[in-house]
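Engineer: Below you'll find the structure I mean.
The values are calculated or read from the model by the stated rules, or taken from the named source; none is laboratory data. None of the values given here were measured: they were computed from a predicted structure. Cβ atoms come from the backbone with ideal geometry, glycine included; neighbour counts cover every protein chain shown.
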Amino acid sequence: MAKTVRMTDIAKRLGVSTVTVSKALSDQKGVSDEVREKIKELADSMGYKAPGARKADSRKSYNIGVLVVEAYIEKYGTFYWEMYQKISMESIKKNGFVMLEVVSGAEEAKGNLPKLVQEKRVDGLLLLGGMRSDYLKRLHEEAGVPIVYMDFYDGSEQDDCVISNSFYGSYALTNYLFAMGHRDIAFVGTPLVTDSITDRYLGYLKSMMEKGRKVLPEWVIPDRNQDRVCYDVFELPSAMPTAFVCNCDLTAGKVIKNLREKGYRVPEDISVVGYDDYIYPGLCDVGITTYSVDMAEMAKVGIRFLLKKINGEAYQGGHHIVEGRLVIKESVRELKAH
């Protein structure tokens, strides 16, 4: 049986990156006409076929790999379990079979490629929640299949990603707290650990700056370490704010638990808002005011992008932002003007 020709084979022959080959074959920007022509000619001569390609008279089917770092999969259901389910449902509509692999922190640090990639079992990859930049670079260079990031980006113009509007969502939540009479507002999340947390912090900061409010250093409270392992207990500030903006609903639920253990009531004493509109049932008995992420739409867009890349079809890549909406629940109390 003839060996399947992969994008990495073409890249090695020409001395270019797999990303360049992928862009050339799908007619994306960022590749010169001369290089594009060379890549297409070599692909034809080597008998390259886009992953997942089948006979013209049969419906195409696809094997889609979903990768997530273990730090994002907690002992109970998380946002990314829910997103994985949305991706699976959307994939079925497109005749796709989804395989999930959880990448351990140790394997990520060592740069070891996932089994799905090593065994060449998938036609494309969706990456959930973020990974180390060096690991992403190796995946792009050696996986040999198209890749789309879900709910994160890596600062490269070559990234194809689907994200929610973290900056605006957090900005809208902080503005809502101001509208409810709050002035002393803290942020719970660790900036720079993920792009989404950083963007949510910046949205909060923009609202505070516009209202002329100073952000005390102790009002920026980490919710996880640099290895993305989430905390259960937070160091509450000595000068307590009247409200907390949390980078996700899971963190918001933990903040509420911490506040209650210190004798505070939510929302009677302290107000709390989150982000995502997803928290595992039973973790918090207070309805958390939040910014709802449209996971179904994100999954739909992510699958569409990936299948177009697999099939070598033209598409509008880059950073695609899926808008969400503010959802008002029980965790915010209106403060009366003095």
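Engineer: Among the residues of segment 6-48 satisfying the criterion of being assigned to a loop (DSSP other than H, G, I, E, B) and over 31 Å from the mean Cα position of the chain (by Cα), which is nearest to K137 (Cα to Cα)?
Structural biologist: It comes out as G15.
Engineer: Quickly run through segment 201-228 and pick out the residues that are aliphatic (A, V, I, L, M) and either within 14 Å of K254 (Cα to Cα) or touching a His at 6+ places or on another chain (Cβ under 6 Å) (or both).
Structural biologist: If the condition is that a residue be aliphatic (A, V, I, L, M) and either within 14 Å of K254 (Cα to Cα) or touching a His at 6+ places or on another chain (Cβ under 6 Å) (or both), then I221 is the only one that fits.
Engineer: Have a look at G203, G189, G181 and point out the one that is surrounded by fewer than 17 Cβ atoms within 10 Å (Cβ to Cβ) and not acidic (D, E).
Structural biologist: Of the residues listed, the single one that is surrounded by fewer than 17 Cβ atoms within 10 Å (Cβ to Cβ) and not acidic (D, E) is G181.
Engineer: Take segment 313-338 and flag every residue that is in a loop (DSSP other than H, G, I, E, B) and either closer than 30 Å to Y48 by Cβ or touching a Phe, Trp or Tyr at 6+ places or on another chain (Cβ under 6 Å) (or both).
Structural biologist: Result: E313, A314, Y315, Q316, G317, G318, G324.
Engineer: OK, next. Taking the criterion of being out of contact with any Leu (no Cβ under 9 Å at 6 or more places or on another chain), β-branched (V, I, T) and surrounded by fewer than 19 Cβ atoms within 10 Å (Cβ to Cβ), would at least one residue in segment 254-261 satisfy it?
Structural biologist: no
Engineer: Go through segment 148-167 and report how many residues are at negative phi and in contact (Cβ under 8 Å) with a residue 60 or more places away in the chain.
Structural biologist: Of the residues in segment 148-167, 13 are at negative phi and in contact (Cβ under 8 Å) with a residue 60 or more places away in the chain.
Engineer: Then there's this: State whether one or more residues within segment 186-200 are part of a helix (DSSP H, G or I), closer than 30 Å to E334 by Cα and of a type in the set (A, V, I, L, M).
Structural biologist: Yes; the residues of segment 186-200 include at least one that is part of a helix (DSSP H, G or I), closer than 30 Å to E334 by Cα and of a type in the set (A, V, I, L, M).
Engineer: Go through (1) within 23 Å of D160 (Cα to Cα); (2) assigned by TED's automatic domain parsing to the domain that holds L177 and name the single condition G317 misses.
Structural biologist: Tallying (1) within 23 Å of D160 (Cα to Cα); (2) assigned by TED's automatic domain parsing to the domain that holds L177, G317 fails exactly one: (2).
Engineer: Okay, moving on. If you check E82, E70, which single one turns out to be among the acidic types (D, E), free of Cβ contacts under 8 Å to residues at least 60 places away in the same chain and under 18 Å from L250 (Cβ atoms)?
Structural biologist: The match here is E70.
Engineer: Being of a type outside the set (D, E, K, R), in contact with a His (Cβ under 6 Å, 6 or more places away or on another chain), assigned by TED's automatic domain parsing to the domain that holds R183 and under 22 Å from R224 (Cβ atoms): is that true of A243 here?
Structural biologist: Yes: the conditions hold for A243.
Engineer: Going through segment 271-312 one residue at a time, which ones are in contact with a Phe, Trp or Tyr (Cβ under 9 Å, 6 or more places away or on another chain), aliphatic (A, V, I, L, M) and outside any helix (DSSP H, G or I)?
Structural biologist: Of everything in segment 271-312, those that are in contact with a Phe, Trp or Tyr (Cβ under 9 Å, 6 or more places away or on another chain), aliphatic (A, V, I, L, M) and outside any helix (DSSP H, G or I) turn out to be V272, V273, I279, L283, V293.
Engineer: Further question: If you go through segment 267-300, how many residues are surrounded by 19 or more Cβ atoms within 10 Å (Cβ to Cβ), at pLDDT 90 or above and hydrophobic (A, V, I, L, M, F, W, C)?
Structural biologist: Count: 8.
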